[in-house]
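Rule-based calculations on the coordinates, nothing more; no lab input. As the structure is a prediction and not an experimental result, all values here were calculated from the model. Cβ coordinates were reconstructed from backbone atoms using ideal geometry, including for glycine residues, and neighbour counts include every protein chain displayed.
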Amino acid sequence: MSLREVLLWPDPRLKEICAPIEAISPEIEALAADMLETMYAAPGRGLAAPQVGVLLRMFVMDAGWKEGKSDPLVCINPMLQEVSEERAVMAEGCLSIPGISAEISRPAQVQMVWTGLNGGRYTQGFNGFAAACVQHELDHLDGVVTFDHLDAATREKLEAEYAA
């Protein structure tokens, strides 16, 4: 395992749509291990492959580790199956946009399906912070960053703050 460099916005790779992973190989397993190590060292709660320069549909997350409830997930080719109509607004940060936090409105509950490193298919519901984390990381796989969720005035203000 080794730490990987986290790309910083506005790196153009953060705007790319990622390709599906066709097979779980030793390289994918090593990438997952590196991503978890990088996420914990950052310290973050989620990290998507494009954030380390790999344009594949995979992210890692551990929504509760900072509160002592560690549950690391490696999500390969994840997709949302269901989203609630209820919305929640939460402050979101991003390892690729350090020092910036933005209030983002997202579905309060989601159900996601993904492939694990063992090749198994998983389905799980997420709510609260974990739901926001899942959606944030999925956004990265589609070339969407936090700034893309903001109205023009808020985006301009936070981009200026980030550039300063």
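Observations on the structure shown:
- Cα gyration tensor shape of segment 12-163, rounded if a/c is under 1.5, else prolate or oblate by comparing a/b with b/c: prolate
- Counting every other Cβ atom within 10 Å of each residue's Cβ, I76, I17, I24 order from fewest to most as I17, I24, I76.
- Applying the Karplus relation 6.51 cos²θ - 1.76 cosθ + 1.60 with θ = phi - 60° to segment 144-156 yields 3J(HN,Hα) values of 10, 10, 3, 4, 5, 8, 9, 5, 4, 5, 5, 4, 4 Hz, where x marks Gly and Pro.
- By the count of other C-beta atoms within 10 Å, a proxy for reagent exposure, V89, V134, V113 are ordered fewest to most as V89, V113, V134.
- Considering only P98, Q109, T146, the residue lying farthest towards the positive end of the dipole of segment 69-164 is Q109, judged by Cα position with unit charges set on Cβ.
- Around C133: net Lys/Arg minus Asp/Glu count, Cβ-Cβ under 12 Å: -2
- Counting every other Cβ atom within 10 Å of each residue's Cβ, L36, L80 order from fewest to most as L80, L36.
- Length-normalised contact order of the chain in % [C-alpha pairs under 8 Å, at least 6 apart]: 23 percent
- Computed E for R87/L3 - FRET, C-beta separation, R0 45 angstrom, nearest 0.05: 0.80
- Legend: Rg and Dmax of segment 70-136, from Cα coordinates, 12.9, 36 Å.
- Within segment 95-112: backbone nitrogen closer than 17 Å to the E161 label point (7 Å, Cα to C-beta): 95-105
- The stretch between K69 and I17 holds 15.6 nm of extra length on full extension. This uses 0.36 nm per residue minus the Cα-Cα distance.
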